[in-house]
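Only one structure is covered here, and it is reproduced in the block below.
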Amino acid sequence: MINSGEGGFLLTDDPDIAAQTAVIAGAYEGLAAKHTTVPGPEHFEGKPVSLPNYSIRMSNLAAAVIRPQLKTLEPRIETYNRRYTALVEKLESRVGDQLESRVGDHMYIPRVTPGVTRMVHDSIQFNLDKKFTPEMLQQFLEECSAHGLPVELFGHKSNARNFVNWGFAPADDPLPQTAEMLATACDCRMPLMWDDEDFEDLGNVIIESVEKVLADNGML
């Protein structure tokens with residue numbers, strides 16, 4: 001919703017300190033590879049799941065960049081939510097009892113949590129049906145990616161939102177229901193700078209990718 005950029009630097013000749021700093025600053029899920037000055041991957045081994053991602057990077061300059069954006073917050077919220085509503089309708093649309101979108105019975109889109117007065121939908125999350133095996137889920141992600149749409153799986157072993165990766169805050173007990181929910185939970189960003197027409201394409205990619213996976217596995 002609000003973007004101020006990120007800055008600051010650390011000068012060190014210790015690769016372990018550099019790797020720890022990169023992870024703590026927000027280089028999770030392999031994002032360290034996008035940095036040009038971090039040490040090699042061998043120095044990051046185990047750090048993303050043992051160190052927290054604080055993402056604390058505020059400065060006076062960042063604050064100065066943020067303040068003007070506050071004036072446009074309401075229009076941007078309206079744009080996000082209008083596009084989200086249209087996308088959900090596209091994925092779930094029906095004609096009577098017959099599916100028009102063709103995928104509404106194969107996924108579940110969470111509803112607004114009771115008590116929450118207003119959501120800001122800068123991304124869409126949905127759970128694919130339980131009939132999707134791990135192999136089918138991976139095929140779905142690859143189909144989306146092949147059409148230029150990055151979709152993340154919350155239950156992936158490398159996803160920072162998967163609680164099994166929280167070595168800094170391990171669960172005291174097994175959480176099978178949470179793990180089951182995350183296993184089919186997908187996340188797709190809805191960039192504000194896209195045109196409205198782009199979200200028609202986004203919906204089509206999701207629909208066609210679901211159909212392709214089901215057809216390839218004899219389920220459609």
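The values are calculated or read from the model by the stated rules, or taken from the named source; none is laboratory data. This structure is a prediction, so every number in the text was calculated from the model and none was measured. Here the Cβ positions follow ideal geometry from the backbone for every residue, glycine too, while neighbour counts run over all protein chains shown. Areas reflect the complete protein model, heavy atoms only, side chains present, ligands, DNA and RNA absent. Shrake-Rupley method; radii C 1.70, N 1.55, O 1.52, S 1.80 Å.
Sort 13, 196 by heavy-atom solvent-accessible area, probe 1.4 angstrom, most to least.
Output order, biggest surface exposure first: 13, 196.
Checking the a/c ratio against 1.5 first, then a/b against b/c, what shape does the Cα gyration tensor give for region 106-220? Cα axes put region 106-220 in the oblate bin.
Each peptide in 134-142, 182-190, 162-170, 113-121 receives the mean, over its residues, of other Cβ atoms within 10 Å, and ordering these scores from highest gives 182-190, 134-142, 162-170, 113-121. For region 23-78, the alpha-carbon coordinates run over 45, 25, 19 Å along the three principal axes, in decreasing order. Among the GluC sites (Glu not before Pro) in region 1-76, those located in a DSSP loop and surrounded by at most 13 other Cβ atoms within 10 Å of their own Cβ are 6, 45. Label residue 36 and residue 20 with points 7 Å out from Cα along Cα→Cβ: what is the distance between them in nm? Inter-label distance under the simple model: 2.7 nm. Counting only alpha carbon atoms, the long axis of helix 134-146 and the longest principal axis of the chain meet at about 80°. Placing R0 at 45 angstrom, the Cβ-Cβ distance between residue 88 and residue 4 gives a FRET efficiency of 0.90 after rounding to 0.05. The trypsin sites (Lys or Arg not before Pro) of region 1-86 meeting both criteria, a DSSP state outside H, G, I, E and B (loop) and at most 15 other C-beta atoms within 10 angstrom of the site's C-beta, are 57, 71. Looking at the square roots a ≥ b ≥ c of the eigenvalues of the Cα gyration tensor of region 165-220, which shape do they give, rounded for a/c under 1.5, prolate if a/b is larger than b/c, or oblate? Cα axes put region 165-220 in the oblate bin. Round to the nearest 10 and give me the degree value, 0 to 90, for the angle of helix 60-70's Cα axis relative to the longest principal axis of the chain. In the chain, helix 60-70 runs at an angle near 20 degrees to the longest axis.
With a cut-off of 19 Å, note down the residues of region 69-92 whose backbone N falls inside the zone around a label point 7 Å from the Cα of residue 194 toward its beta carbon. Only 76-92 pass the distance filter. Angle, helix 15-25 long axis vs. longest principal axis of the chain, Cα atoms, 0 to 90°, nearest 10? For helix 15-25, the angle is close to 50 degrees.
Fully extending the segment from residue 146 to residue 133 would add 2.7 nm, taking 0.36 nm per residue of separation and subtracting the current Cα-Cα distance.
In the complete set of protein chains, residue-level accessible area for residue 158 is approximately 70 Å², probe 1.4 angstrom.
I want to verify the translational diffusion coefficient of the chain in µm²/s; compute it with Stokes-Einstein, Rh as the Kirkwood radius over Cα pairs, at 4 °C and 1.567 mPa s.
Answer from the Stokes-Einstein relation: 65 µm²/s.
Once the Cα-Cα distance is subtracted from the 0.36 nm per residue extended length, the residue 111 to residue 50 segment shows a gain of 18.7 nm.
P(r) tail for region 127-183: Cα pairs beyond 15 Å make up 55% of the total. Across the options 147, 72, 51, the greatest Cα extent toward the positive end of the charge dipole of the chain (unit charges at beta carbon of Lys, Arg, Asp, Glu) belongs to 72. Ranking 84, 108, 28 by solvent-accessible area of protein heavy atoms (1.4 Å probe, all protein chains present), from largest to smallest, gives 108, 28, 84. Taking each residue as 0.36 nm, the span from residue 118 to residue 77 lengthens on full extension beyond its C-alpha to C-alpha distance by 13.8 nm.
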